[in-house]
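Since the structure comes first, as structure tokens, the remarks are kept for the end.
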Amino acid sequence: MSTRTVPKAELHVHLEGTAPPELVRRLAARNGLSLPAHLFTDAGRFHWTDFLHFLKAYDDAAQAIRTAEDYRDVTYDYLARCAGEGAVYVEVMSSPDHAALAGLSFAGHLEGIAEGIGRARDEFGIEARLIVTCVRHFGVERALEVARACVRHPHPLLTGFGMGGDENAAPASAFSRAFRIAHEEAGLACTVHAGEAAGPDSVRDALDGLPVSRIGHGVRAIEDPDLLRRIHEEGIVLEVCPTSNLRTRVYDSFAEHPLNRLAEAGCRVTLNSDDPPYFDTTVGREYAVAAERFGWDAARLLEATRTAIEAGFVDEATRTRLMERIGREPGPAVSR
Ligand code: ADE
Ligand code: ZN
């Protein structure tokens, strides 16, 4: 097995952030919508300059995704590309708040994504699950509404609850009620963005306040040895997105990126694309980055895939099947 052909799995990608500019334009045309002129560069890429500007561009582009069919197509399109790169399992995050802003109900949003996952599985054998996310800078009340909607709309492919958005807008612990509802009443496993745009205190606050088994990014935990020890001891899995961290200027270079130091400190790490067309990456590219920039061989890359499947928000029968597919015995599931 070469580093290129190693089976891949991804736990951290924003569905609205997977649609490339051409697809966003196509959906906008299909929906009779005109997009803001400043959304694209002259070369036809997404235009943004810093992290908050990126979040705004993402929000603007997401408005082109308006119907259940749109969500189905975005989901299918992304999973088809992942399967083409050798991914066997992908968890997509998607935001009912963005769907609602585009006029789509929680149920329509969910059904569209589920249909896209089903089609991709039938055609390419790729397995996928949905993490419904709230948005930190949309506030606690909206997050509560999203969590309650998860309770009202159970679905076998909806297995996770998370939160993205501006990490500096509010502490994660302010959202503890929403996460408790999602976890205890909807039965969803949880993850949250932390330690990306803010430092280790943000990660600690998330671990103290929310029932999470994983942290989205979490890379800035590297700044606090006690926190690293805790992440190791509690078996928290980090959804690391190396290229995203460079593009949003968390780090200036791969040489400064702590991926290897996190792993050496005993943190369980996975490789993820986050928002592929915004950051000029793909899940396959992140595996290539780990090989070329961080010195990972095929066995180490396969270990990341194994960690992702162990930590995946998926039923045990599917986890066992995925482990068999990547040619390893199932390890312990991560639960909290
Ligand atoms: N939403 C989409 N991408 C995100 C990121 N990298 N961080 C926080 N929220 C996001
Ligand atoms: Zn993210």
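Read-outs: derived from the displayed coordinates by stated rules, not from any lab. These numbers were taken from a predicted model, which means no experiment stands behind them. For neighbour counting, all protein chains shown are included, and Cβ atoms are generated from backbone atoms with ideal geometry for every residue, glycine included.
Tabulated data for the structure shown
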{"item": "Calculated P(r) of the range 132-171 - Cα pairs past 11 Å, %", "result": "63"}
{"item": "Normalised contact order of the range 8-325, rounded percent, pairs of Cα under 8 Å and 6 or more residues apart", "result": "18"}
{"item": "Highest to lowest packing among 190-203, 155-168, scored as the average C-beta count within 10 Å", "result": "190-203, 155-168"}
{"item": "Gained length - Arg321 relative to Asn260, 0.36 nm times residue gap less alpha-carbon distance", "result": "19.1 nm"}
{"item": "Cα-projected label distance for Arg148 with Glu22, points at 7 Å along beta-carbon direction, nm", "result": "4.3"}
{"item": "Volume of the Cα convex hull of the range 257-305, divided per residue and given in Å³", "result": "77"}
{"item": "Other-chain or far-sequence residues with amide H under 5 Å of Leu157's (modelled H)", "result": "none"}
{"item": "Cα pair distances in the range 1-88, grouped into 10 Å bins until the bin that holds the longest one, percent each", "result": "15, 43, 30, 11, 1"}
{"item": "Semi-axis lengths (Å, descending) of the ellipsoid that matches the C-alpha gyration tensor of the range 143-234", "result": "24, 13, 10"}
{"item": "Packing-based ranking, highest mean first, of 207-219, 111-123 given that Cβ atoms within 10 Å are counted", "result": "207-219, 111-123"}
{"item": "Calculated P(r) tail over 17 Å for the range 216-336, as whole % of Cα pairs", "result": "57"}
{"item": "Förster radius 51 Å - calculated FRET efficiency between Asp42 and Arg180, Cβ distance, rounded to 0.05", "result": "0.60"}
{"item": "Semi-axes of the equivalent ellipsoid for the range 184-265, Cα gyration tensor, largest first, Å", "result": "22, 14, 11"}
{"item": "Label-point separation in nm, His155 to Ser173, each point 7 Å along Cα→Cβ", "result": "3.4"}
{"item": "Cα-projected label distance for Arg300 with Thr49, points at 7 Å along beta-carbon direction, nm", "result": "3.8"}
{"item": "Euclidean distance between Cα centres, the range 7-64 to the range 244-302, Å", "result": "22"}
{"item": "Dipole axis of the range 177-225 (+1 Lys, Arg; -1 Asp, Glu on Cβ), positive-most option in Ala178, Ile215, Leu188", "result": "Leu188"}
{"item": "Least to most buried among Tyr287, Tyr278 (fewest other Cβ within 10 Å first)", "result": "Tyr278, Tyr287"}
{"item": "Shape of the range 35-161, Cα gyration tensor, a/c cut at 1.5", "result": "oblate"}
{"item": "For the chain, radius of gyration divided by Kirkwood radius, i.e. Rg to Rh on alpha-carbons", "result": "0.93"}
{"item": "Sorted peptide list for 316-323, 93-100, criterion being average Cβ within 10 angstrom, highest first", "result": "93-100, 316-323"}
{"item": "³J(HN,Hα) computed for each position of the range 117-134 - Karplus, 6.51 cos²θ - 1.76 cosθ + 1.60, integer Hz, glycine/proline x", "result": "5, x, 5, 5, 5, 4, 7, 10, x, 7, 9, 8, 9, 10, 9, 6, 10, 9"}
